Amino acid sequence: MKQLRVLVVDDSILFRNLLVQSLESDPNIKVVAQVRDPFEARDAIIQYKPDVMTLDVEMPRMSGIEFLRKLMPQYPLPVVMISSLNDKVFDALEAGAVDFVNKPSNLDRASLSNFLKQELVTKVKIASTAKVGSMKHAETFNTGDSVNPTFKDRIIAIGASTGGTEAIYEVVRQFRRDIPGVVIVQHMPPGFTKMYANRLNNQCQVAVKEAVTGDRVMPGQVLIAPGDKQMRLVKVGDSFQVECRGTERVNGHCPSVDVLFNSVARVAGKKAIGVILTGMGGDGAKGLLAMRQAGSPTIGEDEASCVVYGMPKVAYDIGAVQYQLSLTAIAGKVYGLLK
């Protein structure tokens with residue numbers, strides 16, 4: 001592969017140098033410039049035409065979020081945010097950033113090495129494949145008639161990764177309070193999943209919360225897997241609940257979409273609907289296939305609307321996807337299957 005040209009934007013010269021050293025330790029990455037604020041970044045973008053930019057959320061003179069809002073309409077560029085544990089990162093994703101990495105609070109050698117050489121490098125490479133500036137929200141909440149009352153015990157399982165925070169929002173914001181219980185895995189670090197759930201809860205008609213073991217899956221409620229635990233669906237008596245246990249990585253992820261989907265296939269079968277959205281890699285594809293083989297209708301986001309057409313493509317290629325749809329059409333299809 002050709003060398004990725006990266007622009008690093010961070011007001012701390014020490015941290016900026018760490019980012020540069022880490023990125024350039026990979027032979028496929030070249031840092032073309034490192035600058036301290038958005039004003040210098042604007043000139044560097046024009047001069048060097050980078051493939052990807054890393055951008056600090058908090059900076060003097062102009063925040064990274066404000067810079068993104070000005071930049072993306074004029075110059076769409078894949079951006080990876082560098083963020084401490086702060087819900088402002090979701091404003092950055094809404095403004096057009098592809099993904100983010102969590103700046104470690106504990107700067108010991110092991111934590112720093114994992115952050116710099118694994119998370120950062122990996123996400124920069126993924127961001128280079130992303131489509132930016134193409135997210136479109138549906139103009140109306142046209143999800144059709146009410147849910148068939150006999151379908152209230154259904155389960156809707158959703159999985160996503162890169163680009164997924166905005167994709168999930170696009171789907172969930174169209175769900176009304178009559179929607180059956182929803183369970184979601186979005187690849188995200190611990191701490192951020194709770195903030196993301198709270199953000200959706202304030203923006204959507206349905207109730208949204210970060211899941212804990214024992215939570216019942218109920219109509220009108222969305223449960224999001226915590227960022228450091230595997231979430232599974234279980235049957236307890238006549239109701240469905242979730243278990244959030246185990247920190248092992250599956251397909252490189254905790255939580256993993258495959259773990260959730262496989263549990264849904266086992267305990268819910270044809271009572272479930274599976275949805276796989278934008279993301280890099282193949283997590284969730286085999287689980288979605290298990291759901292389809294168990295009788296669940298399955299939906300995959302199409303290539304045109306994906307930020308990264310990875311997970312939905314793998315799922316489609318192995319026959320796991322029954323309906324392939326644009327992101328803005330997925331909520332309506334869910335309601336269509338529930339009539």
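Could you list all residues from the range 5-18 that are touching a helix residue (DSSP H, G or I) at 6+ places or on another chain (Cβ under 7 Å) and either aliphatic (A, V, I, L, M) or at pLDDT 95 or above (or both)?
Correct list: 5, 6, 7, 8, 9, 18.
What residue, among those in the range 90-125 that are over 16 Å from residue 307 (Cβ atoms) and not in a helix (DSSP H, G or I), is modelled with the highest pLDDT?
The selected residue is 101.
Within the range 172-189, is even one residue assigned to a loop (DSSP other than H, G, I, E, B), over 20 Å from residue 83 (Cβ atoms), charged (D, E, K, R) and modelled with pLDDT under 90? Spell out how you get there, then give the answer.
Initially, the range 172-189 is screened for residues assigned to a loop (DSSP other than H, G, I, E, B), giving 173-180, 187-189.
Now narrow it down to the ones that are over 20 Å from residue 83 (Cβ atoms): 173-180.
Next, from what is left, pick out any that are charged (D, E, K, R): 173, 176-178.
Restricting the remaining residues to those that are modelled with pLDDT under 90 gives none.
Scanning the range 172-189 turns up no residue that is assigned to a loop (DSSP other than H, G, I, E, B), over 20 Å from residue 83 (Cβ atoms), charged (D, E, K, R) and modelled with pLDDT under 90.
Does residue 197 satisfy being modelled with pLDDT of 95 or more, in the same structural domain as residue 334 (by TED's automatic domain parsing), outside any strand (DSSP E or B) and over 25 Å from residue 267 (Cβ atoms)?
No: the conditions fail for residue 197.
Table: residues versus (1) crowded, with 18+ Cβ neighbours inside 10 Å; (2) assigned by TED's automatic domain parsing to the domain that holds residue 83; (3) in a loop (DSSP other than H, G, I, E, B); (4) of a type in the set (D, E, K, R).
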site: 14; (1), (2), (3), (4): no, yes, no, no
site: 17; (1), (2), (3), (4): no, yes, no, no
site: 23; (1), (2), (3), (4): yes, yes, no, no
site: 40; (1), (2), (3), (4): no, yes, no, yes
site: 44; (1), (2), (3), (4): yes, yes, no, no
site: 50; (1), (2), (3), (4): yes, yes, yes, no
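For the range 315-324, does any single residue satisfy the condition of being at pLDDT 95 or above, over 26 Å from residue 215 (Cβ atoms), of a type in the set (Val, Ile, Thr) and out of contact with any strand residue (DSSP E or B) (no Cβ under 7 Å at 6 or more places or on another chain)? Steps first, answer last, please.
Initially, the range 315-324 is screened for residues at pLDDT 95 or above, giving 315-324.
Right, trim to over 26 Å from residue 215 (Cβ atoms) and you get 315-324.
With of a type in the set (Val, Ile, Thr) added as a condition, the list becomes 318, 321.
Checking which are out of contact with any strand residue (DSSP E or B) (no Cβ under 7 Å at 6 or more places or on another chain) leaves us with 318.
Checked the range 315-324: at least one residue is at pLDDT 95 or above, over 26 Å from residue 215 (Cβ atoms), of a type in the set (Val, Ile, Thr) and out of contact with any strand residue (DSSP E or B) (no Cβ under 7 Å at 6 or more places or on another chain).
What residue, of 181, 214, 227, is on the phi > 0 side of the Ramachandran plot and of a type outside the set (A, V, I, L, M, F, W, C)? Steps first, please.
Working: 181 fails: on the phi > 0 side of the Ramachandran plot; 227 fails: on the phi > 0 side of the Ramachandran plot.
Unique residue meeting the criteria: 214.
Does the range 203-226 hold any residues that are within 20 Å of the chain's Cα centre (by Cα), of a type in the set (Gly, Ala, Ser) and surrounded by fewer than 21 Cβ atoms within 10 Å (Cβ to Cβ), and which are they?
The answer is 207, and nothing else.
Which of the residues belonging to the range 301-339 are among the β-branched types (Val, Ile, Thr) and under 22 Å from residue 98 (Cβ atoms)?
307, 308, 314, 328, 330
Tell me the residue from 326, 305 that is touching an Asp or Glu at 6+ places or on another chain (Cβ under 7 Å), in contact (Cβ under 8 Å) with a residue 12 or more places away in the chain, more than 14 Å from residue 257 (Cβ to Cβ) and not assigned by TED's automatic domain parsing to the domain that holds residue 123, please. Quick ask: steps written out before the conclusion?
Working: 305 fails: touching an Asp or Glu at 6+ places or on another chain (Cβ under 7 Å).
Selected residue: 326, the only one of 326, 305 that is touching an Asp or Glu at 6+ places or on another chain (Cβ under 7 Å), in contact (Cβ under 8 Å) with a residue 12 or more places away in the chain, more than 14 Å from residue 257 (Cβ to Cβ) and not assigned by TED's automatic domain parsing to the domain that holds residue 123.
The values are calculated or read from the model by the stated rules, or taken from the named source; none is laboratory data. Since the structure is predicted, the reported quantities are computational estimates derived from the model, not experimental observations. Don't worry about glycine lacking a Cβ; one is built from the backbone with ideal geometry, like all the others, and counts go over all protein chains shown.
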